[in-house]
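K.L.:
Take a look at this one; I'll ask things after.
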Amino acid sequence: MAQVVDASNYRCKRVRMAALVKSEDVKQWAGLWVRVDGPDYEVQSFDNMEDRPIQGSSDWSRYEIVLPVFEDSWEIFFGILLDGTGKLWVRDVQINVAE
């Protein structure tokens, strides 16, 4: 799942994506992901939680990603990914400026 927003409201700040995630039988890994793109779709910031994966089965847990957004950033892409088999539920997704 993925969405995109214009980066203009977040320029020269840090953007936070936070969500509650529940998992069931995730065999490989899953995670939230955020990517900040600049001119010509250059990736300026990226995090997909691969280094702190959601695995197995878990009750609702809060996860978040915080990334810098630059003066020339164009777009912010965000979503959740599942690599392999399993099930994910997501709720209370928030995109905001990190203080």
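The values are calculated or read from the model by the stated rules, or taken from the named source; none is laboratory data. Quantities reported herein were computed from a predicted structural model and do not represent experimental measurements. Positions of Cβ are backbone-derived with ideal geometry, glycine not excepted, and every protein chain shown enters the neighbour counts. Heavy atoms of the whole protein, side chains included, go into the accessibility calculation; ligands, DNA and RNA do not. Shrake-Rupley method; radii C 1.70, N 1.55, O 1.52, S 1.80 Å.
K.L.:
Could you list all residues from the stretch 1-23 that are touching a Gly at 6+ places or on another chain (Cβ under 9 Å) and either loosely packed, with under 13 Cβ neighbours inside 10 Å or hydroxyl-bearing (Ser, Thr, Tyr) (or both)?
P.N.:
Residues satisfying the conditions are 1, 2, 3, 23.
K.L.:
Pairs needed: first member in the stretch 80-99, on the phi > 0 side of the Ramachandran plot; second member anywhere, in a strand (DSSP E or B) and of a type in the set (S, T, N, Q); C-beta distance under 6 Å; at least 6 residues apart or different chains.
P.N.:
Final answer for the pair search is 84/28.
K.L.:
When you scan the stretch 44-66, do you find a residue that is open to solvent by less than 70 Å² (accessible area, probe 1.4 Å), aliphatic (A, V, I, L, M) and more than 15 Å from residue 23 (Cα to Cα), even just one?
P.N.:
So far as the stretch 44-66 goes, yes, one or more of its residues are open to solvent by less than 70 Å² (accessible area, probe 1.4 Å), aliphatic (A, V, I, L, M) and more than 15 Å from residue 23 (Cα to Cα).
K.L.:
Quick check: is even one residue across the stretch 47-65 more than 16 Å from residue 96 (Cα to Cα), free of Cβ contacts under 8 Å to residues at least 60 places away in the same chain, within 9 Å of the chain's Cα centre (by Cα) and not in a strand (DSSP E or B)?
P.N.:
The answer is yes, given that some residue of the stretch 47-65 is more than 16 Å from residue 96 (Cα to Cα), free of Cβ contacts under 8 Å to residues at least 60 places away in the same chain, within 9 Å of the chain's Cα centre (by Cα) and not in a strand (DSSP E or B).
K.L.:
To continue, here is another question. When the residues of the stretch 25-42 are filtered to those that are open to solvent by 70 Å² or more (accessible area, probe 1.4 Å) and either in contact (Cβ under 8 Å) with a residue 40 or more places away in the chain or under 14 Å from the mean Cα position of the chain (by Cα) (or both), which remaining residue is farthest from residue 72 (Cα to Cα)?
P.N.:
Filtering first and then ranking leaves 25.
K.L.:
Filter the stretch 76-85 down to residues that are out of contact with any helix residue (DSSP H, G or I) (no Cβ under 8 Å at 6 or more places or on another chain) and surrounded by 13 or more Cβ atoms within 10 Å (Cβ to Cβ) and give me whichever is nearest to residue 16 (Cα to Cα).
P.N.:
First, the residues of the stretch 76-85 that are out of contact with any helix residue (DSSP H, G or I) (no Cβ under 8 Å at 6 or more places or on another chain): 77-85.
When the remaining residues are screened for being surrounded by 13 or more Cβ atoms within 10 Å (Cβ to Cβ), the result is 77-83.
Details: 77: 12, 78: 10, 79: 12, 80: 14, 81: 17, 82: 20, 83: 23 Å.
By that ranking, first place goes to 78.
K.L.:
Answer yes or no as to whether residue 72 is more than 14 Å from the chain's Cα centre (by Cα) and not in a loop (DSSP other than H, G, I, E, B).
P.N.:
Judged against the criteria, residue 72 is not a match.
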